[in-house]
Amino acid sequence: MQFNVVIIGGGTAGCVLASRLSEDPGQAVCLVEAGPDYGPYAGGGWPEDMVDGRQLAFSHSWETDREDRSQLRARILGGCSGHNACVVLEGAPADYDAWGPGWTYRELEPYLRRAERQLRTRRPTDDELLPWGSAFLQAGGDASIVNPLNAVGSVRWNAAFAYLDPARNRPNLAILADTLGDRVLLDGERAVGVATSAGELTADTVMLTASSYGSPAILLRSGIGRIRDCRSARGWPTTSESVRAGSQPSCSRTRPRASRASIPSSWARSRLRSGARPARRGSATSSCFPRSSRASRATR
Ligand SMILES: Cc1cc2nc3c(=O)[nH]c(=O)nc-3n(C[C@H](O)[C@H](O)[C@H](O)COP(=O)(O)OP(=O)(O)OC[C@H]3O[C@@H](n4cnc5c(N)ncnc54)[C@H](O)[C@@H]3O)c2cc1C
C-alpha cells in the first residue's frame with residue numbers, strides 16, 4: 001500500500017508523530033513497531049508490569065541480558081515511555097533559547113504545556129512520596145523541587161495511551177505491530193519506502209523514530225552512513241555517505257532544570273518540581289515516586 005508517511009518505531013516519538021500527522025485526514029500514515037500492541041488502555045489488555053508506574057518494567061526489553069541495564073530500551077508500542085520512570089523533565093529555558101529562532105523557549109512553551117496536558121502530567125500527592133522524599137520536602141520547604149509525573153493513578157501514562165488511543169479509530173492511520181523495519185528503500189538518494197519483516201511499504205515520506213539505537217542501525221543497513229560502517233552492517237558499500245549517521249549519539253542538548261539536584265537519583269527517583277518556572281539556584285530535588293503500597297488504577 002502507498003502511504004503518505006511511514007514511521008518506523010512506534011515508541012515515544014513515533015506515537016506522537018503518528019497521532020499528530022494523522023489529524024489530517026488527507027494523510028495516510030503507517031506506524032511500524034517491532035514490539036506488540038496490546039490495544040487501547042481501555043481494553044485492559046496491557047501486561048500489569050507495563051502499566052504499573054510505581055516501578056520500572058523489564059518484561060518487554062530488547063536486551064536479553066537482564067543484568068545489564070545500561071542500554072535498557074523497550075520493545076512495545078509506546079517504546080521506552082512504556083517502561084520508564086514517568087518523570088516529566090523539561091529543559092532549562094536558556095537551553096531552548098540557544099537553539100535560536102523558531103525553537104526558543106517562548107516559542108516552544110505552548111507545545112510543552114500541550115504535551116504536559118496530553119501526558120496527563122500531575123504533581124504527586126503527599127502520600128505518594130517516599131518517606132525520605134517527604135522528609136526532604138519538609139526540610140527544603142518552598143525551595144524543594146517535586147517532579148511532575150505522567151501517571152494516572154498508578155498507571156504509567158505512556159505515549160501509546162496519551163497519543164495513539166485518541167487516534168486509533170482514524171481510517172487514515174495504520175499500526176503495524178510485531179513488525180521490524182529493516183531498511184529504507186531508496187530511489188537514488190530519495191527515500192521511497194521501507195523494507196519490513198511484513199514486506200515492502202512505499203511512502204512519500206519516511207520517518208525513523210526507532211530510538212538512538214535503532215534508527216542509526218536502520219540507516220546503516222540502508223547504506224546511509226560511513227562507508228566502513230555500512231559495509232559491516234550489511235556487507236556491501238554505502239549508497240549515500242553520511243559521516244554522522246550512527247556516530248556520537250546524544251540524548252539531548254538541553255539540561256534538566258534540576259541539574260543541580262543534590263539528591264542522588266535513580267531513574268525511578270529523580271523528579272522535577274511541578275510548575276513551569278525554572279528551578280532557582282540552590283533548589284533541591286525531592287524524590288517522590290509513588291510508594292509501592294497499593295495505589296489506585298486509572299480512572300479515565
Ligand atoms: C529505564 C528508563 C527510564 C527512563 N525514565 C525516564 C523518565 O522518567 N522521564 C523521561 O523523560 N525519560 C525517561 N527515560 C528516557 C525516555 O523514556 C526516552 O528518552 C524516550 O522514551 C526515547 O524515545 P524514542 O522515541 O526516541 O525511543 P523509544 O521510546 O525507545 O522508541 C523506539 C521504538 O522503536 C522500536 N524499534 C526499534 N528498532 C525498530 C525496528 N528496526 N523496527 C521497528 N521498530 C523498531 C522500539 O521497539 C521502540 O518501541 C527513561 C529511559 C529508560 C530506558
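General observations
- Enumeration of residues in region 143-178 that are in a strand (DSSP E or B), buried (at least 18 other Cβ atoms within 10 Å of the Cβ) and out of contact with any Ser or Thr (no Cβ under 6 Å at 6 or more places or on another chain): LEU149, ALA151, VAL152, VAL155, ARG156, ILE175, LEU176
- Residue count for region 192-217, restricted to those that are within 10 Å of the ligand (Cβ to nearest atom), at pLDDT 95 or above, out of contact with any Ser or Thr (no Cβ under 7 Å at 6 or more places or on another chain) and of a type in the set (A, V, I, L, M): 2
- Some residue of region 198-221 being touching an Asp or Glu at 6+ places or on another chain (Cβ under 7 Å) and touching a residue at least 40 places away in the same chain (Cβ under 8 Å): no
- In summary, PRO101 fulfils each of the numbered conditions (1) within 14 Å of the ligand (Cβ to nearest atom); (2) of a type outside the set (Lys, Arg); (3) not in a helix (DSSP H, G or I) with the single exception of condition (1).
This table checks each residue for (1) under 22 Å from GLN118 (Cβ atoms); (2) not hydrophobic (A, V, I, L, M, F, W, C).
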{"residue": "GLY11", "(1), (2)": "yes, yes"}
{"residue": "GLY14", "(1), (2)": "yes, yes"}
{"residue": "VAL29", "(1), (2)": "yes, no"}
{"residue": "ASP37", "(1), (2)": "yes, yes"}
{"residue": "GLY78", "(1), (2)": "yes, yes"}
{"residue": "ALA94", "(1), (2)": "no, no"}
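- Looking across region 161-191 at every residue that is among the acidic types (Asp, Glu) and closer than 22 Å to PRO47 by Cβ, the one that is farthest from the ligand (Cβ to nearest atom) is identified as ASP165.
So that you can scan it fast, the table gives a plain yes or no per residue for (1) surrounded by 15 or more Cβ atoms within 10 Å (Cβ to Cβ); (2) within 13 Å of the ligand (Cβ to nearest atom):
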| residue | (1), (2) |
| --- | --- |
| LEU17 | yes, yes |
| ARG20 | no, no |
| GLU23 | no, no |
| TYR41 | yes, no |
| GLN71 | no, yes |
| VAL87 | yes, yes |
| TYR96 | yes, no |
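- Qualifying residue in region 229-251 (condition: more than 27 Å from GLY91 (Cβ to Cβ), modelled with pLDDT of 95 or more and more than 14 Å from the ligand (Cβ to nearest atom)): no
- Residues of region 53-69 satisfying the condition of being surrounded by 17 or more Cβ atoms within 10 Å (Cβ to Cβ) and more than 10 Å from the ligand (Cβ to nearest atom): ARG54
The values are calculated or read from the model by the stated rules, or taken from the named source; none is laboratory data. The model shown is predicted, which means the values in this text are computed figures rather than measured ones. Note that we place each Cβ from the backbone using ideal geometry, even for glycine, and neighbour counts take in every protein chain shown.
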